Amino acid sequence: MNTECANLLSFLSGELGEKEKKAFAEHLIQCSECTREYEQMTEAWDSLKWDFEEMEPSSSLKSEVMNFVFETDDEVPVRRGKKWSGFFFKQFTPVTSGLLLAVLVLLFVLLYSNIQLKKELAAINLLPTEVKTSLSLQPANKTAVKMNTDGAAYILQQGEERRLIVQIQNLPSLQESEVYQVWLLKDGKRRNAGTFKPDEAGTGSLTYKLSRDDKFNQIGITREPDSNSTKPRGEKIVGSS
């Protein structure tokens, strides 16, 4: 058998390049031995698809598959993570794969944070809320504002958290940029507690989270030209006595 005859199996399996395949086809025409073997092997190959029996899978196959699916050992997440990353890198470019994996990680982190936040809020909501202090709010100048303008302020405590709630009725309407600003007073010192605007009926409210340093014994509410005041610039409208 010469070197060309040795390429018979490679020719049948399709492993030869185009040049080698063409050369062997020319050899096959001239070599009677290769032609005979080629015909015998082709006939045997074609008959293989009719020469098999259908077999039932082994009884252990199902359990082996299910055991792999439901494996819980420490190596499984690593192995599956490698399979997923391999899948991404086969389907997409490295840059796109990296971006997709980063998005998936971000989504997982956000989902976990959201679950933790809900748990914390649920724990807070279970704590009782107690009214620690209540203050009555009256007009500072009864001749300048409506006689029926009044309100109240409450300090609510829930666990370690304290909140100031201010509610006032029948407030005079404001111009475009004007706001009502709440001030906390103690020993002549003022602390800004935020601003608000009333609705069309003149009802306004404000909720302010108090820190440990927020100590006061009086509340004053002024009418300010805008929300940028660091100290009162406008007229005092209502306050506690």
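The values are calculated or read from the model by the stated rules, or taken from the named source; none is laboratory data. Just so we're clear, the structure is a prediction, and the values are computed from it rather than from any experiment. Note that each Cβ is placed from the backbone with ideal geometry, even for glycine, and that neighbours are counted across all protein chains shown. Just so you know, the surface numbers come from the protein's heavy atoms only, side chains and all, with ligands and any DNA or RNA stripped out. Shrake-Rupley method; radii C 1.70, N 1.55, O 1.52, S 1.80 Å.
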- Select from the range 182-241 the residues that are under 16 Å from L171 (Cβ atoms) and aliphatic (A, V, I, L, M) and list them in ascending order. V182, A201, L206, I219, I221, I237, V238
- What tally of residues in the range 186-241 results from selecting those that are part of a strand (DSSP E or B), open to solvent by less than 60 Å² (accessible area, probe 1.4 Å) and among the hydroxyl-bearing types (S, T, Y)? 4
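Within the range 114-139, take every residue that is modelled with pLDDT of 65 or more and open to solvent by less than 60 Å² (accessible area, probe 1.4 Å) and give me the one that is nearest to the chain's Cα centre (by Cα).
T133
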- Message: Can you list residue pairs whose Cβ atoms sit under 8 Å apart, with the first residue in the range 23-52 being open to solvent by 100 Å² or more (accessible area, probe 1.4 Å) and the second being at pLDDT below 75? Count only pairs 6 or more apart in sequence or on different chains.
- Response: W45/L12
- Out of (1) surrounded by 12 or more Cβ atoms within 10 Å (Cβ to Cβ); (2) among the polar types (S, T, N, Q); (3) over 29 Å from P128 (Cα atoms), the odd one out for Q158 is which? (3)
